[in-house]
Amino acid sequence: MKKKFKAFVTYQNQNGDFENKITQKSISDLPEGDLLIRVEYSSLNYKDALSSSGAKGVTKFYPHTPGIDAAGIIIKSNNNRFKTNDRVIVTGFDLGMNTSGGFAEYIQVPSSWAVKCPDSLSTKDAMILGTAGLTAGLCIEEIENHVTINNLKVIVSGSTGGVGSIAVKLLSSLGAKVTAITGKKNSDQYLYNLGSSKIIQRENFLNSTRLPLSKGIYNAAVDAVGGNILSAILASMQYNGIITACGNVAGANFSTTVFPFILRKNHLIGIDSATCPISIREKIWNKFSTSWNLKNLDQIYKVIDLDFLEKEIKKILCGEQVGRIIVQL
């Protein structure tokens, strides 16, 4: 085990501005925790980009190492459930928010945050999915609990992002007819390759939808953006439709009435992946390793090291990220 290790650290300078540097940290710099983990892979999420740019609603104290995702090997364990050399996945909770995160070669966390990585998934596979995959999986689990997915008409917003890409891929593999909403004009081939049956530009979708009730088209939805998109999705559901809501990049507020609920019996389900119980996480990760095992994921991710992370953070903040960015440590 190294005495010093490499980490991506966000600092606040004397002018109050935030800057990122790759630096050396010590194991003694890490917070208390009963698992010391050698990180093999992490991934870049929107929350990481906010943390690395000084968003105090995400991270209160700096300097700080972001990274809400990590997968790697246990170096030291003070918990009987985990042994040295076990492969584990840590996503959410406080990792990368106010606890030193996955953009470093080591993390130290409570064992209650960790899930054993299924045998058929590599740590790289786990981070291709990461928080985005866990979130998409939680959405689709809710839909599966409500209705049979095969031949279902499902609409997915934010479809070129991490959650959206995995949701489109998984839903289509389960036999759904997926309509993908996107604001990116050159993403059609990417979305068709994922399995989309139809692609609709964001503005066209908004302009063609009448609030609070429009023509009922879809049986289910995965909404990763919130705001006016969620308003329009609610208006577009068929009777007994289910909408899973898991994001707010388009805004935290949305507009509706009781009509989608009392006239069409629609169900709006909130999805939280950051603090959902370990037992549910284990169920979702095990499904990704068995019945939800996704093939041909090469098109949805690229692997970078810490040196290229700053560039990708700027892209995600500008809404230019497509798919998943995997960080190899």
- Message: Residues that are over 18 Å from THR135 (Cβ atoms), surrounded by 21 or more Cβ atoms within 10 Å (Cβ to Cβ) and either modelled with pLDDT of 95 or more or among the small types (Gly, Ala, Ser) (or both): does the range 11-32 have at least one?
- Response: no
- Given ASP119, ASP48, ASP86, ASP94, which one is under 25 Å from THR244 (Cβ atoms) and surrounded by fewer than 20 Cβ atoms within 10 Å (Cβ to Cβ)? ASP94
- Item | All positions within the range 288-311 that are open to solvent by less than 40 Å² (accessible area, probe 1.4 Å) and either modelled with pLDDT of 95 or more or out of contact with any strand residue (DSSP E or B) (no Cβ under 7 Å at 6 or more places or on another chain) (or both) | PHE288, SER289, TRP292, LEU294, LEU297, ILE304, LEU306, LEU309
- May I ask you to verify whether CYS139 is buried (at least 18 other Cβ atoms within 10 Å of the Cβ) and closer than 18 Å to LEU329 by Cα? no
- Task: Those residues that are out of contact with any Phe, Trp or Tyr (no Cβ under 9 Å at 6 or more places or on another chain) and modelled with pLDDT of 90 or more, I need them from the range 313-329; list them, please.
- Result: ILE313, LYS314, LYS315
- Checked pairs for the range 262-289, first assigned to a loop (DSSP other than H, G, I, E, B), second among the aromatic types (Phe, Trp, Tyr), C-beta under 7 Å and 6 or more apart or across chains, list as ARG264/TYR239; LYS265/TYR239; ALA274/PHE93; THR275/PHE93
- Task: Residues that are free of Cβ contacts under 8 Å to residues at least 60 places away in the same chain: find the strands (runs of 3 or more DSSP E) completely inside the range 1-65 holding 1 or more of those.
- Result: 4-12, 18-26
- Across the range 171-206, which residue is surrounded by the fewest Cβ atoms within 10 Å (Cβ to Cβ) among those that are aliphatic (A, V, I, L, M) and assigned to a loop (DSSP other than H, G, I, E, B)? LEU174
- Any chance VAL168 is open to solvent by less than 30 Å² (accessible area, probe 1.4 Å), under 16 Å from THR244 (Cα atoms) and either in a helix (DSSP H, G or I) or in contact (Cβ under 8 Å) with a residue 40 or more places away in the chain (or both): yes
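The values are calculated or read from the model by the stated rules, or taken from the named source; none is laboratory data. What you see is a predicted model; the values in this text were computed from it and never measured. In this analysis, Cβ positions are derived from the backbone assuming ideal geometry, glycine residues included, and neighbour counts consider all displayed protein chains. Heavy atoms of the whole protein, side chains included, go into the accessibility calculation; ligands, DNA and RNA do not. Shrake-Rupley method; radii C 1.70, N 1.55, O 1.52, S 1.80 Å.
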